[in-house]
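Participant: Encoded as structure tokens, here's the structure I'll be asking about.
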Amino acid sequence: CRIAVLISGRGSNMLALVRAARDGAIPNAQIVVVISDRADAPGLKLAAEQGIETLVIERRGRSRADHEREIIAALRARHVDLVCLAGYMRLLSPVFIEAYRWRTLNIHPSLLPSFPGLDAQRQALEHGVKWTGCTVHFVDETLDGGPIIEQRVVPVLDDDTVETLSARILAEEHKAYPAAVARVVRGELRLIGRRVISKS
Ligand code: GRF
């Protein structure tokens, strides 16, 4: 399975996927390209250090669809089978979603459908929930609303700040994302309505 990771920033989930593919935790998979919509994304350097091809494809005043068409062309040229969004800070339009439907995954730092969108960890703290976590889901036309593949739960502690809570969630993200991708790559999953369940 040829995987592309789309990033906008730090790239720690991208790195977790690269390592998992390399050590066999994601079977028969390789990260073939890391694409950022921002030239200053720190994750680009991390990917290059791993020997992975990196591309910067900025929007540069174009329409969202035209930006995505360039990304899709780059993915097709590399025969990419699966796209993993990892801190990619743009909403995808139907142009992209239709091109890679059921082949685009995202990770989000909350237990969806709670706290979609930006600042999910801050939203969780401000709401006062006692448990939160992370979610890996298929990307569809909704914001953080596609069918859920994997969730991990973490406690919210009394003395948590956005930073401490985010770090606790991030540690789970780095396990949840490779686990979810491995299940997709192995073809273990099927979709019934909105439910992603095991085939067996
Ligand atoms: C993660 O918290 C992820 O869940 C969210 O954006 C953050 C990206 O972090 N979508 P990183 O770039 O993977 O380190």
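Participant: Cβ-Cβ below 7 Å, separation at least six or inter-chain, first residue in region 104-125 and β-branched (Val, Ile, Thr), second crowded, with 23+ Cβ neighbours inside 10 Å and in a helix (DSSP H, G or I): which pairs?
Facilitator: Within 7 Å, the pairs are 107/13; 107/173; 107/177.
Participant: Also, I was wondering about something else. Can you work out which of the residues in region 6-22 that are more than 16 Å from residue 175 (Cβ to Cβ) and within 9 Å of the ligand (Cβ to nearest atom) is surrounded by the most Cβ atoms within 10 Å (Cβ to Cβ)?
Facilitator: Taking the candidates together, the pick is 7.
Participant: Next question. Go through (1) of a type in the set (Gly, Ala, Ser); (2) surrounded by 15 or more Cβ atoms within 10 Å (Cβ to Cβ); (3) part of a helix (DSSP H, G or I); (4) touching a helix residue (DSSP H, G or I) at 6+ places or on another chain (Cβ under 6 Å) for residue 110 and report which single condition fails.
Facilitator: (3)
Participant: Keeping to region 47-56, report how many residues are surrounded by 11 or more Cβ atoms within 10 Å (Cβ to Cβ) and assigned to a loop (DSSP other than H, G, I, E, B).
Facilitator: Result for region 47-56: 2.
Participant: Filter region 95-139 down to the residues that are closer than 19 Å to residue 80 by Cβ and away from the ligand (no atom under 12 Å from the Cβ) and list them by number.
Facilitator: 95, 96, 97, 98, 99, 100, 101, 102, 103, 104, 138
Participant: Counting only residues that are within 16 Å of the ligand (Cβ to nearest atom) and not in a loop (DSSP other than H, G, I, E, B), which one in region 57-91 is surrounded by the most Cβ atoms within 10 Å (Cβ to Cβ)?
Facilitator: So, considering only residues that are within 16 Å of the ligand (Cβ to nearest atom) and not in a loop (DSSP other than H, G, I, E, B), the one surrounded by the most Cβ atoms within 10 Å (Cβ to Cβ) is 84.
Participant: Please go through region 1-46 and give me each residue that is hydroxyl-bearing (Ser, Thr, Tyr) and either assigned to a helix (DSSP H, G or I) or over 15 Å from the mean Cα position of the chain (by Cα) (or both), ordered by number.
Facilitator: 12
Participant: Same structure again: State which residue pairs qualify: first residue on the phi > 0 side of the Ramachandran plot and inside region 14-30, second residue part of a helix (DSSP H, G or I) in any location, beta carbons under 8 Å apart, and separation of 6 or more residues or different chains.
Facilitator: The qualifying pairs are 28/185.
Participant: Being closer than 21 Å to residue 179 by Cβ and surrounded by 15 or more Cβ atoms within 10 Å (Cβ to Cβ) is the filter here; which residues of region 23-45 pass it?
Facilitator: Of everything in region 23-45, those that are closer than 21 Å to residue 179 by Cβ and surrounded by 15 or more Cβ atoms within 10 Å (Cβ to Cβ) turn out to be 25, 26, 29, 31, 32, 34, 43.
Participant: Scan region 36-56 for residues that are within 13 Å of the ligand (Cβ to nearest atom) and in contact with a strand residue (DSSP E or B) (Cβ under 8 Å, 6 or more places away or on another chain) and jot them down.
Facilitator: Of everything in region 36-56, those that are within 13 Å of the ligand (Cβ to nearest atom) and in contact with a strand residue (DSSP E or B) (Cβ under 8 Å, 6 or more places away or on another chain) turn out to be 36, 37, 38, 41, 43, 44, 47.
Participant: Scan region 134-190 for residues that are in a helix (DSSP H, G or I) and touching a Pro at 6+ places or on another chain (Cβ under 6 Å) and jot them down.
Facilitator: 169
Participant: Working only within region 100-150, note down all residues that are among the hydroxyl-bearing types (Ser, Thr, Tyr) and closer than 20 Å to residue 191 by Cα.
Facilitator: Listed by number, the residues that qualify are 100, 104, 135, 142.
Participant: List every residue pair whose Cβ atoms lie under 9 Å apart, where the two residues are 6 or more positions apart in sequence or sit on different chains, the first residue falls within region 53-64 and is in contact (Cβ under 8 Å) with a residue 24 or more places away in the chain, and the second residue, located anywhere, is assigned to a strand (DSSP E or B) and exposed (fewer than 12 other Cβ atoms within 10 Å of the Cβ).
Facilitator: Partner pairs satisfying both residue conditions: none exist.
Bear in mind these aren't lab numbers, they're just calculated from the coordinates by the rules spelled out. These numbers were taken from a predicted model, which means no experiment stands behind them. Backbone-built Cβ (ideal geometry, glycine too); neighbour counts: all protein chains shown.
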